1. Are there GluC sites (Glu not before Pro) in the range 52-149 that DSSP puts in a loop and that have at most 13 other Cβ atoms within 10 Å, and which ones?
2. Could you calculate the FRET efficiency of residue 69 with residue 146 from 1/(1 + (r/R0)^6), where r is the beta carbon distance between them and R0 is 45 Å, rounded to 0.05?
3. Tell me, what is the per residue accessible area of the range 90-129 in Å², probe radius 1.4 Å?
4. Using a cut-off of 13 Å between beta-carbons, work out the net charge of the residues near residue 130 (Lys and Arg +1, Asp and Glu -1, residue 130 not included).
5. Radius of gyration and Dmax for the chain's Cα atoms, expressed in Å?
6. Quantify, in whole percent, the carbon and sulfur part of the accessible surface of the chain (1.4 Å probe; protein heavy atoms only).
7. Quick one: in the range 21-105, what % of C-alpha pairs are over 19 Å apart?
8. Kindly flag which residue pairs out of 76/121; 67/185; 36/109; 76/185; 109/242; 153/185 have an alpha-carbon separation exceeding 31 Å in this structure.
Amino acid sequence: MRKTIVVLAALWLLAAPAAAGQSESVSPNYNFAKAKTVLIMEPTFAYGGFDVGGRNKFVVYPVSAEKITAMLGDRKRNLPHLQFVTLTYVTARVKADPALAAELSDDPKALSALVRREMPKYADLVLYCDIRDFGWFYEWQEAYYTTKTVIDKVRYHERSSDGKRVSGWMEVPRTVDVYHPARHKIFDCAEASFALLDARTWRNVWQFTDARSRVSFSWSGNYDSTGPESMMGRIFDDAFEKIPLRFREAD
């Protein structure tokens, strides 16, 4: 079963776009209102979009698979008019079909091809979700100096034009050096690509990608401690707000 998933997932990865900010494409030729059943593939995860040489490092967000599965589950509940199935379900139905008994094989590639061929009987669309670089990027920065201007208040004494002694305070700007010790600069990171494939033609009919990162100001009282997870949640919100499956044709 795992090999069947890998083979079908490879079909998506061949057509998956590289994420750079947010982008979306929709096929003008597919009638999304007719879709009734969507197969959700298991999310895939990839890392390596950041330079982790030297002292740089990337820390993966904990229990990422569970978090992403929960996000998918929460968002699909906003599409109650659709039926969602899994690859396990479809594969089991194909294996149980007596009309296909002669074609069943222990060869994973042959089984995958058979499942793909029979897919239109059980799903109209296949939804893929590819998660990339979900976590924290630690970028090493060597110690350095900068300068800044400070204002000193200076007491002055002088004589006025009529000979009287006067005194007061004046502001005098002064440039000082500021030392910044060596440290890791931490970035919250979240990136995801979604695609809907037509189960009959196996072509992309909708794609959405979003990549986000921000400096992690963990010392700030306003910092969102969930970091990458909160950004990933907003990516999922945008994706399922844009997904062209919100309406269905009357039966």
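The values are calculated or read from the model by the stated rules, or taken from the named source; none is laboratory data. Please read all numbers here as calculations on a predicted model, not as lab measurements. Neighbour counts are summed over all protein chains in view; Cβ atoms, including those assigned to glycine, are modelled from backbone coordinates with ideal geometry. For the accessible areas, the whole protein counts, side chains as well, though only heavy atoms, and no ligand, DNA or RNA atoms are used. Shrake-Rupley method; radii C 1.70, N 1.55, O 1.52, S 1.80 Å.
1. Answer in residue order: 142.
2. Efficiency, rounded to the nearest 0.05: 0.50.
3. 50
4. Its environment carries a net charge of -3.
5. Cα only, the chain: 28.7, 116 Å (Rg, Dmax).
6. 52
7. Summing the P(r) of the range 21-105 above 19 Å gives 66 percent of all pairs.
8. 76/185; 109/242; 153/185
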